[in-house]
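This report concerns only the one structure given below.
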Amino acid sequence: MEALDALLNRVSVPRLVEPAPDAAQRKLLFQAASRAPDHGQLRPWRLLTIEGAAREQLGVLLAEAVQAQGEATQAALDKAHAMPLRAPLLIVVIARLQDHFKVPKSEQRLTAACAAHAILLCAYAQGIGAVWRTGELSYSPQVAKGLGLGEGEEVIGFLYVGTPLNEPRTAPVVDTEAFVSTWLQPE
């Protein structure tokens, strides 16, 4: 697949089934992440894969985090518990924010997001379905602790990855004039 095809036609694929990407496909996903723009060569991110029975354990962690927020309904608990089961593989993209004299943490966070996007593009290029999900549980200190995040680490997103259940939708054609303008220097 050509790079322009992936850049112009990638779409989120939320309905995913087995099988998960194989070892060779995963290696490409992770290599693509390593090409994220990285001022200072800090690689201020890391990846955590979750699959198989570990998805159930993550569901328990998510439900516990919902419960800890206060009066959770059974429906909310069930939804949180089922979230990780929506794909055979989850890739948690984690920003590793470091004090650096030249690279602010905001740039490091953007690098981690670019790594996540590179994984999505690489998945699309290989015919793998993927969707980036966040939500309030992504920012829960309880979830961070349960995932083993250290000081200065934060979840950027959960990438749900697998085989598309249906043919991916066609990417809409976007009118770029709606968001591109030319800066004219004031006189």
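Which percent of the accessible heavy-atom area of the range 3-178 goes to carbon and sulfur, probe 1.4 angstrom?
55 percent
Among the trypsin sites (Lys or Arg not before Pro) in the range 114-169, which ones are in a DSSP loop with at most 12 other Cβ atoms within 10 Å of the Cβ? Mind listing them?
Counting only loop positions with at most 12 other Cβ atoms within 10 Å, the trypsin sites (Lys or Arg not before Pro) in the range 114-169 are ARG169.
Using the per-residue mean of other Cβ atoms lying within 10 Å as a proxy for protection, in what order, highest first, do the peptides 3-9, 19-25 fall?
19-25, 3-9
With the Cα gyration tensor of the range 3-178 giving a ≥ b ≥ c as the square roots of its eigenvalues, does the rule (a/c under 1.5 for rounded; else a/b larger than b/c for prolate; else oblate) give rounded, prolate or oblate?
Oblate.
Hey, what's the chain come to in accessible area per residue, 1.4 Å probe, Å²?
Heavy-atom SASA per residue in the chain reads 60 Å².
Give the residue list of chymotrypsin sites (Phe, Trp or Tyr not before Pro) in the range 57-150 that are DSSP loop and have at most 15 other beta-carbon atoms within 10 angstrom.
Taking the range 57-150 and a limit of 15 other Cβ atoms within 10 Å, the loop chymotrypsin sites (Phe, Trp or Tyr not before Pro) found are PHE101.
Please compute the length gained on full extension between GLU187 and ASP5, using 0.36 nm multiplied by the number of residues separating them and subtracting their Cα-Cα distance.
61.4 nm
When the solvent-accessible surface of protein heavy atoms is calculated with a 1.4 angstrom probe, in what order do ARG10, ARG86 fall, highest first?
ARG86, ARG10
Quick check for you: which residues of the range 114-141 have the amide N under 19 Å from the point 7 Å beyond the Cα of ALA75 toward its beta carbon?
It comes to 136-137, nothing else.
Quick one: dipole size for the chain, taken about the Cα centre, charges +1 on Lys/Arg Cβ and -1 on Asp/Glu Cβ, in debye to the nearest 20.
Roughly 400 debye, rounded to the nearest 20.
Nothing charged except the Cβ atoms of Lys and Arg (+1) and of Asp and Glu (-1): what's the magnitude of the dipole of the range 93-166 about its Cα centre? Round to the nearest 20 debye.
100 debye
The values are calculated or read from the model by the stated rules, or taken from the named source; none is laboratory data. Fair warning: this is a prediction, and the values are worked out from it, not measured in the lab. Please note: Cβ atoms are built from the backbone with ideal geometry, for glycine as well, and neighbour counts cover all protein chains shown. To get the accessible areas, we keep the full protein, side chains included, count just its heavy atoms, and leave off ligands, DNA and RNA. Shrake-Rupley method; radii C 1.70, N 1.55, O 1.52, S 1.80 Å.
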